[in-house]
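Peer 1: Pasting a structure here, questions to come.
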Amino acid sequence: MNMVSSILVRTRLLSRQVIQLLVVLCVVAIAEAQEKPLSYAPMHRLTWEEYAGTLRFWKSTYPQWVTLQSRGISGQNMPVYLLKITDSSVPDTDKQICLITTLHCGPERTGTSGAMAFAEWMLSDDPLAVETRRRQIILLMPVVNPLSLFHTDRWRNEHGVEPYVGLGLKGKLWDVKTLSIRNPQEAPELMAVLSVVDEYQPEIHADFHGTGLQEYAPDQLGTRRTYHGQIMTEITGSAYSNYALRPWDWRVTEAMIEAGNAAGFPSDRFEADAQRTFWGAELAPLGKKLWHGMPMFYSQHYSYAKYHTMVCTQEVAWEQSVVARMKGLLRIGNKVWNDERQPSYPVNRMKHFVGHFVTAYGNTATERRKSRVDLWSKQTKFALGFMYPQTDGRESLICATTTAAKRTVAAENFRELQIRLLDRFNDDAQNIRRFIDAGPEFKLAMGTPGSQLSAAIEADDVKIENGISFRLRLQYRKPTHIEVQLNGQVLKRSDTDGYESWFADGYTQVHVNVPPEKASKTELYFITCSYQPDEVRPTGWMPPESVQKQFATVKADATPATFTDLPYGKHFRQTMDVWLADSDKPTPLVFYIHGGGWAAQDKMDIHQHLDVRAFLNAGISVASVNYRLLQDASAANVNPPLQWPLNDAARALQFLCSKAGGWNIDKTRIGACGVSAGGCSSLWLAMHDDMSEPNSDDPIARESTRLLCAAGKAPQTSLDPRQLRQWIPNYEYGGKAFGFAGTTRPDSFASLLDARDLILSHIQHYSPIEHASKDDAPIFMEFPAQDREPIPGEKQTDPTHSAVSGLMLQRKLQSLRVESELRYRGDGKTGHAGMQEFLTQQLKQGE
């Protein structure tokens, strides 16, 4: 036992020494490895023979999936090959078509190697590849420019043409207007690509780019071999130089990026990662603060411009990466898109106007493709619109395709439109009329101006040959009682001739289908849709209750004006709101002028001081006016500024009188009223001599400004600074009215007081008390903030709105035997409680 124990002890010691030695050796090895630089071995350079041989190998190995075809001849008589991959056991009728090209191949090697890796994956047993072969036709042109890739490592062909941009030795080959190539014989590679686009009219056109030898100068090319580990920042969907070269739906790009991320290959997101906004003509002065890409026409855009094909580009560093990202794209084509009902890439909307769409017609990919190409070539001639404003429970879409149809919808109003529709649709137009009459919309909002619709020419008329569909979207999940009409005829649910509806992408999608035979005979599509929302959604926002109370919001909303913001002059402030009382005989009128020191507030404040509804119920019409403010006058160098607010009051009054006949107003029974400065204006109108100009050419100026009565709440009765200081020693308001700015109210008043004698004529002209005469109308004044008996010569708590000024006017009026009434808080008097009661009694007396 002792010998055994001794052996075990020595064994354990030896094991520890061995382990320690191994650890030391590993650490040393790791350290040495870290000191050595990474090895970047040269990469195999694909030869023409290997490339062509691979394509032939795939064709012979997978005859049920692969078709190989030469679409043109590049330099050195090298074919430009097209590799077609699809499951031939499945009919092509309902297959999407995805075209993959390498327009920048040559020095950009990984575009081609990525395309080859993608083709290899497409021929694999991967479930997604199997499904894609059954659902799509994949067209690959792995080497668009063989001469460039296999011989020159420069982008241009033997004639100096670069296919990606479409650039020749003397500039762009493209005539964008006609979508044609100048000197096509010099661009056989590009023409080969275009021939494939024209034949297949694909839904998707993806173009692969990458890294390689493009930045190497000719004397740096050496063995023409790139190296393992030569990579680049990968980008998905677009190109740095051209932000117009991308899928129009960012969700498509994100699907590819997410697929790449899942496989371990991230993508740069262009302007999003750079946090820059796009360039535009008016933004050009911002220069280097903008995203550097520009919207330009590259050769790939031909697919979009001609067939509404969705384009995208891929920058490839790792071949596995582009395969992964393309898987994300192919999944979209294999399934139903977000708001559609059939598997398809999102390429079927041909024209739009504010969320209303013309779409391709059909229940198979082939039908939709034919319709898409037909509509895309003609949609620029369509005029699209809807009834405005959009309204809950109602939706509409109008599409005019001929001159006659465009002139029909160019009607100036709905009444004229209904007459024109009756001529076109006969009895069916009655259903359209009923829909129009049932709603609050007031016009057709057309994407094309009415003048252009009226001037349409028959040369622009189009005939729809392969059917047409329309998409309306209801902003509710489960609306009920959906009724869709086309040109006054109720449509049934049908995926061929009628309408469909389903919920997707937050909307209830309403899809109207018009088959080829019917579409070929239809020029105007007037679609109406009524429905019952499945929930009540409040619209609008209300201020806090305390703010509503302050500004009488509820009263204002409950009493909408007959005319709102009606102009009586050219300035934007020269407007009024008018409420016309319902009466068989001419009604008296309350004429309200808002306060705010002639420098603030708005005509809406009438509801804080008067009950408009009570006046209307009493058979009294009401008008509340805005006017040009002191600051408007000062900006126009008008002196004194006060003349604008007061002259506007007179003009607004005359304007109302000029409308008396049409509005059923008795212009001999008008009572003016206002608060603070508005009260001053009202008293000035009441006491001023008639400002009518009987001999004027202006009919409004010939109207009288005389009033039946006037009332003011806390009005200023004089604007004479010396007089006011005698009445109220701490008075300090009025300087700005005469153009004395000052940094504070006391400062401006002091300046006015100093200049008083120099501008006395202006002061007297605009002071109400200076115009008092024995023929003046009855006057009512109330001062609700007066906190004690008004005694002239004493300081007042609110000198600007003190009852002292009202008392001094009343004394003068009493001396002239003019009826007047002065009220203030705690006066102990009986009489009219306020302006409302006074005006009502004065205007209604004698009836």
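The values are calculated or read from the model by the stated rules, or taken from the named source; none is laboratory data. Predicted, not measured: the structure shown is a model, and the values here were computed from it. Ideal geometry is used to build each Cβ from the backbone, glycine not excepted, and the neighbour counts take in all protein chains shown. These area figures cover heavy atoms from the full protein model, side chains too; ligands, DNA and RNA do not enter into them. Shrake-Rupley method; radii C 1.70, N 1.55, O 1.52, S 1.80 Å.
Peer 1: Got at least one residue in the stretch 209-231 being on the phi < 0 side of the Ramachandran plot, among the aliphatic types (A, V, I, L, M), within 43 Å of the chain's Cα centre (by Cα) and crowded, with 22+ Cβ neighbours inside 10 Å?
Peer 2: no
Peer 1: Please work out which one of (1) polar (S, T, N, Q); (2) open to solvent by 10 Å² or more (accessible area, probe 1.4 Å); (3) not in a loop (DSSP other than H, G, I, E, B) is the condition residue 748 fails and give its number.
Peer 2: Here residue 748 meets the rest and fails (2).
Peer 1: Moving on. Identify, please: which residue in the stretch 315-340 is touching a residue at least 40 places away in the same chain (Cβ under 8 Å) and within 31 Å of the chain's Cα centre (by Cα) and is, among those, nearest to residue 361 (Cα to Cα)? Break it down stepwise before answering.
Peer 2: In the first step, residues of the stretch 315-340 are kept if they are touching a residue at least 40 places away in the same chain (Cβ under 8 Å); the result is 315-334, 338-340.
Remaining after also requiring within 31 Å of the chain's Cα centre (by Cα): 328-329, 332-333, 338-340.
Values: 328: 26, 329: 23, 332: 20, 333: 18, 338: 18, 339: 15, 340: 12 Å.
So, considering only residues that are touching a residue at least 40 places away in the same chain (Cβ under 8 Å) and within 31 Å of the chain's Cα centre (by Cα), the one nearest to residue 361 (Cα to Cα) is 340.
Peer 1: Tally up the residues in the stretch 751-765 that are open to solvent by 70 Å² or more (accessible area, probe 1.4 Å) and of a type in the set (Lys, Arg), please.
Peer 2: Summing the residues that are open to solvent by 70 Å² or more (accessible area, probe 1.4 Å) and of a type in the set (Lys, Arg) in the stretch 751-765 gives 0.
Peer 1: Restricting the search to the stretch 827-839, which residues are in contact (Cβ under 8 Å) with a residue 12 or more places away in the chain and open to solvent by 40 Å² or more (accessible area, probe 1.4 Å)?
Peer 2: Within the stretch 827-839, 836 is the sole residue that qualifies.
Peer 1: For the stretch 88-107, does any single residue satisfy the condition of being over 43 Å from the mean Cα position of the chain (by Cα) and modelled with pLDDT under 95?
Peer 2: So far as the stretch 88-107 goes, yes, one or more of its residues are over 43 Å from the mean Cα position of the chain (by Cα) and modelled with pLDDT under 95.
Peer 1: Tell me yes or no: at least one residue of the stretch 412-420 is touching a residue at least 40 places away in the same chain (Cβ under 8 Å) and either within 24 Å of the chain's Cα centre (by Cα) or open to solvent by less than 40 Å² (accessible area, probe 1.4 Å) (or both). Working first, answer last.
Peer 2: Restricting attention to the stretch 412-420, the residues satisfying the condition of being touching a residue at least 40 places away in the same chain (Cβ under 8 Å) are none.
The answer is no; no qualifying residue exists.
Peer 1: Across the stretch 592-622, which residue is nearest to the chain's Cα centre (by Cα) among those that are open to solvent by less than 30 Å² (accessible area, probe 1.4 Å) and free of Cβ contacts under 8 Å to residues at least 60 places away in the same chain?
Peer 2: This residue is 603.
Peer 1: Hey, among 549, 570, 585, which residue is in a helix (DSSP H, G or I) and open to solvent by 90 Å² or more (accessible area, probe 1.4 Å)? Steps first, please.
Peer 2: Values: 570 fails: in a helix (DSSP H, G or I); 585 fails: in a helix (DSSP H, G or I).
After ruling out the rest, the residue left standing is 549.
Peer 1: Determine whether residue 696 is open to solvent by less than 30 Å² (accessible area, probe 1.4 Å) and more than 20 Å from residue 778 (Cα to Cα).
Peer 2: Working: open to solvent by less than 30 Å² (accessible area, probe 1.4 Å): yes; more than 20 Å from residue 778 (Cα to Cα): yes.
Yes; evaluated as a whole, the condition is true for this residue.
Peer 1: Quick check on residue 372: is it crowded, with 22+ Cβ neighbours inside 10 Å, of a type in the set (Lys, Arg) and out of contact with any Leu (no Cβ under 7 Å at 6 or more places or on another chain)?
Peer 2: Working: crowded, with 22+ Cβ neighbours inside 10 Å: yes; of a type in the set (Lys, Arg): yes; out of contact with any Leu (no Cβ under 7 Å at 6 or more places or on another chain): yes.
Criteria met by residue 372.
Peer 1: If I go through the stretch 798-814 residue by residue, how many of them are under 19 Å from residue 688 (Cβ atoms) and open to solvent by 60 Å² or more (accessible area, probe 1.4 Å)? Working first, answer last.
Peer 2: Start the filter on the stretch 798-814 by keeping residues that are under 19 Å from residue 688 (Cβ atoms), which leaves 805-806, 808-810, 812-813.
Applying the additional criterion that residues be open to solvent by 60 Å² or more (accessible area, probe 1.4 Å) yields 812.
Number satisfying all stated conditions: 1.
Peer 1: Would you pick out the residues in the stretch 458-512 that are charged (D, E, K, R), under 25 Å from the mean Cα position of the chain (by Cα) and surrounded by fewer than 13 Cβ atoms within 10 Å (Cβ to Cβ)? Step through it out loud before you land on a result.
Peer 2: From the stretch 458-512, those charged (D, E, K, R) are 458, 460-461, 463, 465, 471, 473, 477-478, 483, 492-493, 495, 497, 500, 505; that's our starting set.
Still in the list and also under 25 Å from the mean Cα position of the chain (by Cα): 471, 473, 477, 505.
Correct list: 477, 505.
Yes/no matrix, rows are residues, columns are (1) surrounded by fewer than 22 Cβ atoms within 10 Å (Cβ to Cβ); (2) touching a Phe, Trp or Tyr at 6+ places or on another chain (Cβ under 9 Å); (3) farther than 23 Å from residue 559 by Cβ:
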{"position": "624", "(1), (2), (3)": "no, yes, no"}
{"position": "632", "(1), (2), (3)": "yes, yes, yes"}
{"position": "644", "(1), (2), (3)": "no, yes, yes"}
{"position": "662", "(1), (2), (3)": "yes, no, no"}
{"position": "665", "(1), (2), (3)": "no, no, no"}
{"position": "671", "(1), (2), (3)": "no, yes, no"}
{"position": "674", "(1), (2), (3)": "no, yes, no"}
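Peer 1: Name the residue, out of 776, 787, 757, that is without any contact (Cβ under 8 Å) to a residue 40 or more places away in the chain, closer than 28 Å to residue 609 by Cα and in a loop (DSSP other than H, G, I, E, B).
Peer 2: Numbers: 776 fails: without any contact (Cβ under 8 Å) to a residue 40 or more places away in the chain; 757 fails: closer than 28 Å to residue 609 by Cα.
That would be 787, the only listed residue that is without any contact (Cβ under 8 Å) to a residue 40 or more places away in the chain, closer than 28 Å to residue 609 by Cα and in a loop (DSSP other than H, G, I, E, B).
Peer 1: Still on this structure, I have one more. So how many residues does the stretch 285-312 have that are crowded, with 16+ Cβ neighbours inside 10 Å and within 21 Å of residue 269 (Cβ to Cβ)?
Peer 2: Qualifying residue count for the region: 8.
Peer 1: Further question on the same structure: Please pick out the residue among 681, 718 that is in a helix (DSSP H, G or I), touching a residue at least 12 places away in the same chain (Cβ under 8 Å), of a type outside the set (Asp, Glu) and open to solvent by less than 30 Å² (accessible area, probe 1.4 Å).
Peer 2: Going through 681, 718 in turn, just one is in a helix (DSSP H, G or I), touching a residue at least 12 places away in the same chain (Cβ under 8 Å), of a type outside the set (Asp, Glu) and open to solvent by less than 30 Å² (accessible area, probe 1.4 Å): 681.
Peer 1: Does the stretch 717-736 contain at least one residue that is in contact with a strand residue (DSSP E or B) (Cβ under 7 Å, 6 or more places away or on another chain) and of a type in the set (Lys, Arg)? Explain how you work it out, then say what you get.
Peer 2: The initial filter retains those residues of the stretch 717-736 that are in contact with a strand residue (DSSP E or B) (Cβ under 7 Å, 6 or more places away or on another chain), namely none.
Within the stretch 717-736, none of the residues are in contact with a strand residue (DSSP E or B) (Cβ under 7 Å, 6 or more places away or on another chain) and of a type in the set (Lys, Arg).
Peer 1: May I ask you to list the residues in the stretch 112-166 that are open to solvent by less than 10 Å² (accessible area, probe 1.4 Å), modelled with pLDDT of 95 or more, closer than 24 Å to residue 238 by Cβ and not in a loop (DSSP other than H, G, I, E, B)?
Peer 2: Once the filter is applied, which keeps residues that are open to solvent by less than 10 Å² (accessible area, probe 1.4 Å), modelled with pLDDT of 95 or more, closer than 24 Å to residue 238 by Cβ and not in a loop (DSSP other than H, G, I, E, B), the stretch 112-166 yields 112, 114, 115, 118, 119, 122, 132, 136, 138, 139, 140.
Peer 1: Shifting gears a bit: Consider residue 405 against the criteria (1) buried (at least 23 other Cβ atoms within 10 Å of the Cβ); (2) in contact with a His (Cβ under 9 Å, 6 or more places away or on another chain); (3) of a type outside the set (Lys, Arg); (4) part of a helix (DSSP H, G or I): it satisfies all of them except one. Which criterion is unmet?
Peer 2: Here residue 405 clears every test but (2).
Peer 1: For residue 362, indicate whether it is open to solvent by less than 10 Å² (accessible area, probe 1.4 Å) and either of a type outside the set (A, V, I, L, M, F, W, C) or free of Cβ contacts under 8 Å to residues at least 60 places away in the same chain (or both). If you could, list the steps in order and put the result at the bottom.
Peer 2: On the way: open to solvent by less than 10 Å² (accessible area, probe 1.4 Å): yes; either of a type outside the set (A, V, I, L, M, F, W, C) or free of Cβ contacts under 8 Å to residues at least 60 places away in the same chain (or both): yes.
It is true that residue 362 is open to solvent by less than 10 Å² (accessible area, probe 1.4 Å) and either of a type outside the set (A, V, I, L, M, F, W, C) or free of Cβ contacts under 8 Å to residues at least 60 places away in the same chain (or both).
Peer 1: Considering only the stretch 552-567, state which residues are hydroxyl-bearing (Ser, Thr, Tyr) and either touching a Ser or Thr at 6+ places or on another chain (Cβ under 8 Å) or exposed (fewer than 14 other Cβ atoms within 10 Å of the Cβ) (or both). Reasoning before the result, please.
Peer 2: Initial filter on the stretch 552-567 (hydroxyl-bearing (Ser, Thr, Tyr)): 553, 559, 562, 564.
Within the stretch 552-567, just 564 meets the criteria.
Peer 1: From the residues in the stretch 513-531 that are under 23 Å from residue 436 (Cβ atoms) and more than 29 Å from the chain's Cα centre (by Cα), which one is most open to solvent (accessible area, probe 1.4 Å)?
Peer 2: Quick first cut of the stretch 513-531, residues under 23 Å from residue 436 (Cβ atoms) only: 514, 522-531.
Of the ones still in play, those that are also more than 29 Å from the chain's Cα centre (by Cα) are 514, 522-523.
Values: 514: 1, 522: 28, 523: 72 Å².
For the stretch 513-531, the residue satisfying everything is 523.
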